[in-house]
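This report concerns only the one structure given below.
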Amino acid sequence: MQMGERVLEKLVCETTVEIRNADGLHMRPAMQFVDLAGRFASDITVSNDETHADAKSIMQMTMLAAGRGTRLRIRAEGSDAEEAINALRELVETHLFGEPPPAGKD
Amino acid sequence: MEIKKGIAVSPGVSIGKCLIVDSEDYRIPRREIDSSQRMAEIQRVRNGFRDAIEELTALERAQDEAGGGRIKDIFAVHLRFLRDRSLRRRITDLVHAESVTAEYAVSTVLREIASHFETGVKDAYMRERAADIYDIERRLLRRLLGTKREDILHLTEEVVVVARELSPTQTAGFNRDYVRGIASDAGGRTSHAAIVARSLGIPAVVALEDLTEVVRGGDTVVIDGNRGIAIVNPDDETVRQYEAYSREFVALEHKLDAIREKPGVTRDGVRIKLLGNIEFPDEAEAVLEKGGEGIGLYRTEFLYLNRPTEPVEQEQYEAYAETVRVFQDRRVVIRTFDLGADKYTQSRRAAAEPNPFLGLRSIRFCLQNLTMFKTQLRAILRASVLGQVKVMFPLITNIQELMQAKMILHDVMEDLDEEGIPYNRDIDVGIMIETPSAALTASTLARDADFFSIGTNDLTQYTLAVDRGNELVSTLYSAADPAVLRLMRTVIQDAYKAQIDVSVCGETASEPEYVMLLLGLGVRTLSLTPPMIPEIKQVIRSVTLEECNALARKVLAMNSERQISGYLRNAGRKVLPEAF
């Protein structure tokens, strides 16, 4: 099957991240996420338990309405899948979208 | 004159002619087109997006030059939406599939998305993002319908803006030199009107419910962003008071910045603790900024209001934990749900009572809805290990209610013990004194309470049997009435005898003219609306306790409200003229 072969040639990479910044994936973080995803050639999808979203679409990403504590699965498919996954995970979990972490110590 | 109560979201006071901003709520009728027209219609959609992107790019650039960080972010997000191919495709697909006009497709798709935010999303902050989507819809429709944008860009005189709800575009278009304040029917602390007003430093009050229905364009409106009220067509006396207040507010605030770090202490060295009253977790920072030493009243009803479903334990815990962490070892007094009367839960919204303020409200409501009450107590107890949390029951009217509430608290503690969940076993349990019955039996209640907090608003209403929202009798409403003051004295004395803490968290604590009296009556802890903390601290630092005691003695011997309030104002004017 042609589709299958194409998939085999491509690199598929997946990870699960947790939204940790105080206000969750609201507009500004969603914008950063979409901008970063847009820099990669791979197809990237993000899903919670119910919905899948195209990581390059701000409409779909904000409609996930992922609040703090939400776990999201990110799946990238393409030549730069691994870089894409690493960069996105770092944005979400390490940089917390450049927002201050929730006050106090956890 | 009509006084409307809302939520203060941006401090300051302004008074001016009002400009009612149209909600621009275009309703687009469904119009079908000939299927041969579909490609042309799809091209119209694309052109609409292109023009809107152009317009927004220019606006973004203008904000860049003006240094409007927050507003620029909003526009940047809107631009991403307009450039989102999957959004455009959803619209063009609809034109194609149903042969409808570009306007109708744009409006339908964007309203679907907005309603997803409004009804399908639990998080209040996210839910309010529906306003962004409506704003994008309006921008596209303006291009498609060829309506010229006028709104608030062409002002030539100072106004206060009144609206049902304001979109980011409307607020960003404000000319700061002319727009002196904002009041809206809808909205919360995280609505755009609130965010933008704070960033522009103009006063704003939201959640005024039906303000736009009682006001007409050109009416004089006072917006008091410190107390959360809007006054339509104020009488001369009120105008005069507010004009003076508003002129001095800015200067005073500047001056008060300097005392933020200084302690609240009278000239003769008596330490007065100043705490903040808050309604939402994100106000905690404001309390710190204003020099507050903790939270004396954390209202928790916000968890229930403006949302489709009831809040679960974890959500509540997070809301409490967020605030407690901000204050670490300083006190945070969490008041259990004060629902009923004018604030309802999801399941009981429709149950009307003939006399709600004498009905099933507050602690009575909790004691009849034990699952809800226990869920809240669990969340509070879990948060109690994170800092200095105290729990406070509202509207206690007799000792049985207090015992019952405490018993339920102990039940919840036992549950937590069994589950091995940590909490502070020695958590202080206090009550609000806001009914004459509680005040008169304070000596009994004091044996089973760790602290009292006097809620002067309800205490005044219940003592004088006056609804202050009712214009016909509102002039009778005054905390300076001798009956109210005598009850307060009783409560404070009984608290002293029982050696428990007593504070005042009603609005009188935020009013400069009452501060000396409260100190003279023996109050050493005040909890007030955050913007007023510096001003009240300034009053405290300008007086001696000896003066306050003398004033209280004098006032308690007076027999009329008019005499007392006049006396208090005069005394206040002497210590801090600019605050009055």
Original post:
Among the residues of the stretch A:35-55, is there at least one that is part of a loop (DSSP other than H, G, I, E, B), in contact (Cβ under 8 Å) with a residue 24 or more places away in the chain, within 23 Å of B:Ala114 (Cβ to Cβ) and open to solvent by less than 20 Å² (accessible area, probe 1.4 Å)?
Top reply: yes
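Restricting attention to helices (runs of 4 or more DSSP H) lying wholly within the stretch B:226-338, give those where 2 or more residues are open to solvent by 70 Å² or more (accessible area, probe 1.4 Å), within 14 Å of chain A (Cβ to nearest Cβ) and under 22 Å from B:Cys366 (Cα atoms). If you could, list the steps in order and put the result at the bottom.
Working: elements: B:236-257, B:284-289, B:313-327.
Fully inside the stretch B:226-338 and qualifying: B:313-327.
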Original post:
If only one of B:Ala97, B:Ala76, B:Ala52 is open to solvent by 40 Å² or more (accessible area, probe 1.4 Å), hydrophobic (A, V, I, L, M, F, W, C) and in a helix (DSSP H, G or I), which one is it?
Top reply: B:Ala97
Original post:
In the stretch B:55-73, which residues are open to solvent by 60 Å² or more (accessible area, probe 1.4 Å), more than 11 Å from chain A (Cβ to nearest Cβ) and charged (D, E, K, R)?
Top reply: B:Arg61, B:Asp64, B:Glu65
**OP:** Quick one: A:Glu14 ticks every box in (1) within 14 Å of chain B (Cβ to nearest Cβ); (2) assigned to a strand (DSSP E or B); (3) surrounded by fewer than 17 Cβ atoms within 10 Å (Cβ to Cβ) except a single one, so which number is it?
**Re:** (1)
Original post:
What number goes with the only condition from (1) part of a helix (DSSP H, G or I); (2) touching a strand residue (DSSP E or B) at 6+ places or on another chain (Cβ under 9 Å) that B:Arg489 does not pass?
Top reply: (2)
**OP:** Might you let me know whether the stretch B:208-223 holds any residue that is small (Gly, Ala, Ser), on the phi > 0 side of the Ramachandran plot and surrounded by fewer than 17 Cβ atoms within 10 Å (Cβ to Cβ)?
**Re:** yes
Subject >> Residue tally, condition buried (at least 22 other Cβ atoms within 10 Å of the Cβ) and either under 17 Å from A:Ile85 (Cβ atoms) or hydrophobic (A, V, I, L, M, F, W, C) (or both), over the stretch A:57-71 >> reply: 6
Original post:
Only one of these conditions is not met by A:Met31: (1) within 7 Å of chain B (Cβ to nearest Cβ); (2) open to solvent by 10 Å² or more (accessible area, probe 1.4 Å); (3) touching a residue at least 40 places away in the same chain (Cβ under 8 Å). Which number is it?
Top reply: (3)
Subject >> All positions within the stretch B:479-513 that are modelled with pLDDT under 95 and under 21 Å from B:Met392 (Cβ atoms) >> reply: B:Ala479, B:Cys505, B:Gly506, B:Glu507, B:Thr508, B:Ala509, B:Ser510
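Filter the stretch B:383-418 down to residues that are free of Cβ contacts under 8 Å to residues at least 24 places away in the same chain and more than 24 Å from B:Arg325 (Cα to Cα) and give me whichever is least open to solvent (accessible area, probe 1.4 Å). Show your work before the answer.
If we filter the stretch B:383-418 for residues that are free of Cβ contacts under 8 Å to residues at least 24 places away in the same chain, which is where we start, we get B:400, B:407, B:410, B:414, B:417-418.
Okay, now just the ones that are also more than 24 Å from B:Arg325 (Cα to Cα), so B:400, B:407, B:410, B:414, B:418.
Values: B:Gln400: 120, B:Met407: 116, B:His410: 93, B:Glu414: 109, B:Glu418: 156 Å².
Among them, the one singled out is B:His410.
The values are calculated or read from the model by the stated rules, or taken from the named source; none is laboratory data. Every value quoted in this text rests on a predicted model; they were computed, and no experiment measured them. Note that each Cβ is placed from the backbone with ideal geometry, even for glycine, and that neighbours are counted across all protein chains shown. Protein only, heavy atoms only, side chains kept; ligands, DNA and RNA dropped before computing areas. Shrake-Rupley method; radii C 1.70, N 1.55, O 1.52, S 1.80 Å.
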